[in-house]
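Have a look at this one.
The values are calculated or read from the model by the stated rules, or taken from the named source; none is laboratory data. Please read all numbers here as calculations on a predicted model, not as lab measurements. Virtual Cβ from ideal backbone geometry, glycine too; neighbours counted across all protein chains shown. Just so you know, the surface numbers come from the protein's heavy atoms only, side chains and all, with ligands and any DNA or RNA stripped out. Shrake-Rupley method; radii C 1.70, N 1.55, O 1.52, S 1.80 Å.
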Amino acid sequence: MWLVGFCSLVIFNIFILLYFKAMFPNKSNHWPSYAAAVALNIGVTMLSYLFRDHQYDIYIAMMFSMMVTFYILFRGNRVQCLYAGSIYVFSLYSSRGVVMSVFSVALDTSIENVLQYEVYYHLIISIAVLLSMLASLFLRKAIVPDDKARRLLNNRGQLRLVVNCLVFQLGFLIIINDGRYHNDIPQTWFSSLYLGACIISKLCLMFVFSHTSRATELIEYELHTRILQEQLSRQMRHYQSYCRFTESYRAFRHDYENMMTSVKTLLRNQEYDKAVRMLDEIHDTMQRDVLAQKTYSDNVILDAILQDAANSCEEKGIRFSAVAHLPDNIMTELDIVRVFSNILDNAIEACNKLSGADRFIEITSDSNGDWINIEISNSFNGELKMVNDMPETTKEDKDLHGLGLRTVTEVIEGLGGLVLIEPDQAGKIFRTRLCIPKEA
């Protein structure tokens, strides 16, 4: 019977690792890494299973082994690593508390007496594993679907709240569990209390998951709303610039016919020098009074974003050049705003950290078969910290400001494309390549 209980724990370990695999990027796809990590985790699980007293150090060892396994197999920060260990132990510990409390109440005996029976002990472990898996599936299907869970797990502030809740709930259950060793406490009453505590802990965790997931959505919604507001401002500035160009051109065109009539008269009278001087005056007037309207792209929305970036760079003394070809049917207007506003904002911010005439932002594009390739290059100070293959923001509010390139990657990969981030720290040039399929 012990083999059934142990195999149940092994199955749960595999189940939880597959969950992490769906949520986090893999660090290594080499089978020796997986074999070593799983062997470590199962080895600690076996030792924990042999110690039936289940003291606190056993759970600490299981939590630590899962954190080490997570560190070996997946890319994640310290908060995510702590989450992996704490959710693993909490799921087992709370489910085990529910099952053994039910056994105690049903058999009208203490939890200690229930655990003394070999069959009951192994059966409790097996049912606890099943309950943990069902609770996890319910959480993923009904409360926090995988797409929302990934956003939550990448939001350090909200995930820290989940981890704090997990650690607090574990401590709470451990303190209550100590009551089973006190003979002066009515055991039936205690088992009912412990059952209620374990169920309430699971419900509280689901509430925290739901709350933090919603909070993460609101944070991203705030960011996207801010981006759209900034884009609306860009559109208005672009429109006003175009209106000024149209007005200046209309005024020039009003005088153009009279000036050309004078030039023709001078030419008929063979007064070539005067005609040349008048043509020079016409040219000077056009250069002075007619505002130049540059075109950086063949897409209206993208051109407005690039025009605004060019104006901002001109004010800050940053050299700006852009030639971006993006067919209208490749991306939606919202996706264009989300992608290029984020990239250009990051590029301008990076250039602002430098001084001198070497600051630049350059955008080039080309079409290769079934792909549109756009490369954005900009100067930066060479200082960069990469986390999960993404540059980490240096701003204090990492949850609100660390979503830029993640949003870009989400949009482009959603179209079936690729985002390649290539920082050259020695040359102090940051490159972002967007590979977008012509037909998604």
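Among what's in the stretch 11-38 and is modelled with pLDDT under 75, assigned to a helix (DSSP H, G or I) and of a type outside the set (V, I, T), pick the residue that is surrounded by the most Cβ atoms within 10 Å (Cβ to Cβ).
Step by step, filter the stretch 11-38, then rank; the result is A37.
Here is a further query. Identify, please: which residue in the stretch 149-167 is farther than 15 Å from F24 by Cβ and open to solvent by 70 Å² or more (accessible area, probe 1.4 Å) and is, among those, farthest from the chain's Cα centre (by Cα)?
Of everything passing the filter in the stretch 149-167, V167 is farthest from the chain's Cα centre (by Cα).
Next up: Would you pick out the residues in the stretch 152-171 that are within 10 Å of F90 (Cα to Cα) and of a type in the set (V, I, T)?
V167, the sole residue that qualifies.
Sticking with this one: Somewhere in the stretch 42-58, is a residue modelled with pLDDT under 70, touching a Lys or Arg at 6+ places or on another chain (Cβ under 8 Å) and of a type in the set (G, A, S)?
no
On to the next question. Restricting the search to the stretch 369-396, which residues are open to solvent by 50 Å² or more (accessible area, probe 1.4 Å), at pLDDT below 80 and farther than 18 Å from K428 by Cβ?
Within the stretch 369-396, G369, N388, D389, K395, E396 meet the criteria.
Next up: State which residue pairs qualify: first residue closer than 12 Å to V339 by Cα and among the acidic types (D, E) and inside the stretch 429-440, second residue open to solvent by less than 70 Å² (accessible area, probe 1.4 Å) and in a strand (DSSP E or B) in any location, beta carbons under 7 Å apart, and separation of 6 or more residues or different chains.
none
Test K438 against the stated conditions and say whether it is open to solvent by 30 Å² or more (accessible area, probe 1.4 Å) and at pLDDT below 85.
Working: open to solvent by 30 Å² or more (accessible area, probe 1.4 Å): yes; at pLDDT below 85: yes.
Criteria met by K438.
Out of everything in the stretch 397-417 that is open to solvent by 70 Å² or more (accessible area, probe 1.4 Å) and under 24 Å from S379 (Cβ atoms), what residue ends up being modelled with the highest pLDDT?
The extreme case among them is R406.
Among (1) closer than 28 Å to S367 by Cβ; (2) hydrophobic (A, V, I, L, M, F, W, C); (3) modelled with pLDDT under 75; (4) open to solvent by less than 80 Å² (accessible area, probe 1.4 Å), where does A292 come up short?
Of everything listed in (1) closer than 28 Å to S367 by Cβ; (2) hydrophobic (A, V, I, L, M, F, W, C); (3) modelled with pLDDT under 75; (4) open to solvent by less than 80 Å² (accessible area, probe 1.4 Å), A292 misses just condition (4).
Quick one: how many residues across the stretch 319-347 are surrounded by 22 or more Cβ atoms within 10 Å (Cβ to Cβ) and aliphatic (A, V, I, L, M)?
8
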